[in-house]
Amino acid sequence: MAETVKLKVEEKALEPNMPWTITLTRELPLKTPHRIKYDGIFDWEGLYRMIYDWMMFRGYYFEEVGIKHKVPNPMGAEIKYELSGWRKTTPYMMEWIRIYVIFYDLREVEVVKEGKKKKLAKGKMIMEVYGNIETDWQHMWDKTMFGKYLKEMYDKFIMKKQLEVIWWDRLYYTMYKLHTDIKNFLDMENRTNSYYDVW
């Protein structure tokens with residue numbers, strides 16, 4: 001895992017292949033996303049509420065960063081969502097969880113559930129959960145070039161082990177828990193998680 005981690009001091013987009021991402025500075029990304037692919041009927045409003053409640057319960061500040069809606073074709077609509085949540089773990093570090101959702105062939109359907117009619121969504125969904133640790137979120141080191149250099153040395157040599165062994169590991173398994181809870185909500189067959197009790 002240490003090989004995939006690169007320190008960033010300059011401004012850089014989180015995922016260059018995602019044109020609708022936001023830009024932040026000083027991120028230490030976990031590049032491997034937790035991906036969910038789903039095709040069928042689902043309750044998007046309920047899933048959105050579940051993600052919001054999940055993040056708020058764990059102390060994350062939740063925000064909807066962006067949404068893109070293409071003009072529907074006969075097969076259905078295409079919608080892209082970008083959601084994010086962050087929490088301050090220490091005065092120096094902040095955790096980010098970012099969720100990218102793409103819907104294809106999305107249509108509204110009416111189903112009868114427990115004797116009541118309910119409007120749900122039907123279509124294909126791809127969801128990716130990414131994580132980042134942002135260091136120096138208060139921008140205390142940014143005031144001078146020497147401060148930026150010291151911050152880079154601090155991250156590379158002093159904080160490196162702590163970031164890799166404690167903070168990245170904790171964030172990875174926190175994302176894994178969210179991934180599992182989303183699969184549970186969608187009632188997917190592979191919804192188990194053998195690492196749920198880690199962290």
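Remarks
- For region 89-129, the Stokes-Einstein estimate of translational diffusion at 10 °C and a viscosity of 1.306 mPa s comes to 118 µm²/s, using the Kirkwood hydrodynamic radius over alpha-carbon pairs.
- Residue pairs exceeding 23 angstrom between C-alpha atoms, taken from K88/K177; K160/K183; K80/K116: K160/K183; K80/K116.
- Neighbour counts of other Cβ atoms within 10 Å put K70, K124 in the fewest-to-most order K70, K124.
Just so you know, all these numbers are worked out from the coordinates, no wet-lab data involved. No experiment lies behind these values; they were computed from the predicted model shown. Neighbour counts are summed over all protein chains in view; Cβ atoms, including those assigned to glycine, are modelled from backbone coordinates with ideal geometry.
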